[in-house]
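In what follows, a single structure is set out as structure tokens and then discussed.
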Amino acid sequence: MIIELLRNRYSVRKFQDKKIPDEILRNLLEAGRLSPSGGNEQPWLFGVVTDGDLIKEIAGAAYGQEWIAGAPLLIILCIRIIEDDRGAREIQKKRFPDHADAIDAMDKDLYTALNLEEHQTKIAGAHMALVALEHGIGSTWVSHFEVKKVAELLKLSNQYVPSEILVLGYPAEESTCAPRKELQELIFYDTAD
Ligand SMILES: Cc1cc2nc3c(=O)[nH]c(=O)nc-3n(C[C@H](O)[C@H](O)[C@H](O)COP(=O)(O)O)c2cc1C
């Protein structure tokens, strides 16, 4: 049951020196491929990194998170840049009418950087992490990295930006789940007052 997998999940940052079988990797990627996206645009690329040297370099671009270098697999979730001329500004102005003037005034590069739909890749990555869990493979999300440097290491075209790194591998040690807020602190029914 998915809920049982989630109850026992924790971020894994120490990995066995054991490769993830190709068949399982294919299933992880398939989980990403099947994920929903706004307008079914599927605005992503999934970078599969297993080369030890490249993993080390990516770890170096993650502000000293050396533990990443011990993982056998990184999946780099990359999001496609939404171009202004596709009407993205108009959509954001409709979502946030109080800020319409400021949105109009924003310089194109800044607008592009702030309007990245990073949330879209999170769904695909979450599905991958769940399938991994089903196979006893642990993972940790990593958002804290130098985006430009990782893009260069991956030789990404300037149409895509790396949004998250999913670090994957078989756990080297057991850990415990981090505490969570109680459900009653998190939910409301009908209205929030
Ligand atoms: C969007 C996101 C970004 C994260 N970035 C990092 C990161 O850069 N480095 C890291 O060690 N953990 C990172 N984490 C893992 C969180 O620290 C972890 O999920 C949280 O502390 C809860 O612990 P748990 O995953 O063991 O339940 C990130 C998690 C999420 C969801």
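The values are calculated or read from the model by the stated rules, or taken from the named source; none is laboratory data. Keep in mind that this is a model prediction, so the values were computed, not measured. Counting neighbours? That spans all protein chains shown, and the Cβs are built from the backbone with ideal geometry, glycine included. The protein model used for the area step is the full one, side chains on, heavy atoms only, and it has no ligands, DNA or RNA in it. Shrake-Rupley method; radii C 1.70, N 1.55, O 1.52, S 1.80 Å.
Data for the structure
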item: Filter pass, residue 149 being charged (D, E, K, R) and more than 28 Å from residue 32 (Cα to Cα); result: no
item: Pick from segment 1-33, criterion open to solvent by 100 Å² or more (accessible area, probe 1.4 Å) and of a type in the set (A, V, I, L, M), ranking: nearest to the ligand (Cβ to nearest atom); result: 2
item: Unique match (being away from the ligand (no atom under 14 Å from the Cβ) and open to solvent by less than 70 Å² (accessible area, probe 1.4 Å)) among 129, 113; result: 113
item: Subset tally (residues that are open to solvent by 80 Å² or more (accessible area, probe 1.4 Å) and within 11 Å of the ligand (Cβ to nearest atom)) for segment 161-193; result: 3
item: Failed condition for residue 107, given (1) modelled with pLDDT of 95 or more; (2) charged (D, E, K, R); (3) open to solvent by 70 Å² or more (accessible area, probe 1.4 Å); result: (1)
item: Enumeration of residues in segment 40-77 that are in a loop (DSSP other than H, G, I, E, B) and more than 15 Å from the ligand (Cβ to nearest atom); result: 41, 42, 43, 50, 51, 72
item: Neighbours by Cβ (under 8 Å, 6+ apart or cross-chain): first from segment 146-164, closer than 22 Å to residue 123 by Cα; second away from the ligand (no atom under 15 Å from the Cβ) and in a helix (DSSP H, G or I); result: 160/151; 161/151; 162/151
